[in-house]
1. Just the residues that are of a type in the set (V, I, T) and either assigned to a loop (DSSP other than H, G, I, E, B) or under 19 Å from T81 (Cα atoms) (or both), please, taken from the stretch 121-158.
2. Name the pairs: first residue in the stretch 58-81 and closer than 17 Å to S357 by Cα, second residue at pLDDT below 80 and crowded, with 20+ Cβ neighbours inside 10 Å, Cβ to Cβ under 6 Å, at least 6 apart or on different chains?
3. Of L191, L168, which residue is in a helix (DSSP H, G or I), out of contact with any Leu (no Cβ under 7 Å at 6 or more places or on another chain), open to solvent by 20 Å² or more (accessible area, probe 1.4 Å) and at pLDDT 95 or above?
4. Could you list all residues from the stretch 44-65 that are buried (at least 17 other Cβ atoms within 10 Å of the Cβ), in a helix (DSSP H, G or I) and modelled with pLDDT under 85?
5. Within the stretch 322-347, can you find the residues that are open to solvent by 30 Å² or more (accessible area, probe 1.4 Å) and either free of Cβ contacts under 8 Å to residues at least 60 places away in the same chain or of a type in the set (V, I, T) (or both)?
6. Which one of the conditions (1) at pLDDT 85 or above; (2) over 29 Å from Y361 (Cα atoms) does L41 fail to meet, given that it meets all the rest?
7. Mind checking which residues of the stretch 382-392 are more than 23 Å from the chain's Cα centre (by Cα) and surrounded by fewer than 18 Cβ atoms within 10 Å (Cβ to Cβ)?
8. Kindly provide the set of residues from the stretch 96-134 that are within 21 Å of Q202 (Cα to Cα) and surrounded by fewer than 24 Cβ atoms within 10 Å (Cβ to Cβ), ordered by number.
Amino acid sequence: MPLLNKVRTAVSGGTRGDTATLSLTRLRTALTLFFALDGFLFAGWVVRIPAIKQQTGASAGDLGLALLGVSAGAVVTMTLTGRLCRRYGSHPVTVVTAVLLSLSLALPPLTRSPLALGLVLLVFGAAYGGINVAMNSAAVDLVAALRRPVMPSFHAAFSLGGMLGAGLGGLVAGALSPTAHLLGLTVAGLLLTAAAGPVLLQHPSPAPHEALPARPKADGGPARTPGARRAVVVFGVIALCTAYGEGALADWGALHLAQDLAAHPGVAAAGYSLFALTMTAGRLSGTALLERLGQTRTLVAGGLTAAAGMLLGALAPTVWAALLGFAVTGLGLANIFPVAVARAGALAGPSGVATASTLGYGGMLLGPPSIGFLADWFSLPVALTTVAVLAAGAAAMGWAARERRVSGRG
């Protein structure tokens, strides 16, 4: 691990240490801004979906098909982005995909048909998937160089950006057209990329993947042993279990409160906001939690906490108990996805991040329709208990992955 050792030596003393520390601090700040930008731009798009649905004359079914463009573009691009990061580096790819994401955000309000909307959402989804893989790959390298488990802080920035984007969108929705609003977000995204991008372009990755725990191949590529591949898939499935819960609560949480518990519309709408708020708080405290408990215990404790919280949220007989359950679920799920992606990236570099991100994103897509089908067959409260089941499964897989690593079986 020659380069990583040099970085660590420089950090530990002298003028070179001060310079290296400053570079890593600047990189961390720049990456944090890109995570926040990603959440901010995506939330800005989401709050304008109703207006764009009306503008395009799409039915509910047409809109659902058009929105699949985001998913399709993201899933296809995530795998490709891992290869681009290995070839060109995660920092340049992060900057390029941030520019593409900002530009593509201005396209949906220009469409006048569901077909055109679906096509431009393919572009938007491709940029969204690309930046998620690239910036997570860059974050994995930085975590290795800093020697601190700071990955949750980046995902906290994403959550904060999303909350800010949704709040701003709600405020301006009545005053600005979708075109003006999303064009303004495009300009904001390009400006932030212009400000933070040079930091990434001027500083190469501080911890190339040859320096990470996974053993490199002779040609310098990431490890591709069967054990490493299996472990990456396991962490990807853990990410899927977390994202399943996020998608399910985003689409069905408010309906459960209103339909099954007769909550006031304002209280029902606050359910997901409370979940998102506690998830953000959990991620802000995630570094301290990881330093205290370690990755495996954080995964297990988070999964079990989320399972207990979601059982309460789904089956509680009162609104306030259900809201408490949503809040506990947010705390439990907060750090599972960041830890899973970090572990996958440490094992296999950008390819590991791409695999875990793709599986995780698949979970977010799988959650809402799965809950819908199960609600038709049984009931919505019963369907929501699947979030608890998968959270408990994530805890079990996190513990099993630890046992396999300790016993030397891959």
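1. Filtering the stretch 121-158 down to residues of a type in the set (V, I, T) leaves 123, 131, 133, 140, 143, 150.
If the condition is that a residue be of a type in the set (V, I, T) and either assigned to a loop (DSSP other than H, G, I, E, B) or under 19 Å from T81 (Cα atoms) (or both), then V123, I131, V133, V140, V150 are the ones that fit.
2. S71/L365; A74/Y361
3. On the way: L168 fails: at pLDDT 95 or above.
That would be L191, the only listed residue that is in a helix (DSSP H, G or I), out of contact with any Leu (no Cβ under 7 Å at 6 or more places or on another chain), open to solvent by 20 Å² or more (accessible area, probe 1.4 Å) and at pLDDT 95 or above.
4. Those that are buried (at least 17 other Cβ atoms within 10 Å of the Cβ), in a helix (DSSP H, G or I) and modelled with pLDDT under 85: D62, L63.
5. Selection gives L324, V328, L331.
6. Failing condition for L41: (2).
7. Hit for the stretch 382-392 is V382, nothing else.
8. Just the residues of the stretch 96-134 that are within 21 Å of Q202 (Cα to Cα), to begin with: 96-100, 130-134.
If the condition is that a residue be within 21 Å of Q202 (Cα to Cα) and surrounded by fewer than 24 Cβ atoms within 10 Å (Cβ to Cβ), then V96, V99, L100 are the ones that fit.
The values are calculated or read from the model by the stated rules, or taken from the named source; none is laboratory data. Keep in mind the model is a prediction, meaning the values are calculated, not measured. Backbone-built Cβ (ideal geometry, glycine too); neighbour counts: all protein chains shown. Protein only, heavy atoms only, side chains kept; ligands, DNA and RNA dropped before computing areas. Shrake-Rupley method; radii C 1.70, N 1.55, O 1.52, S 1.80 Å.
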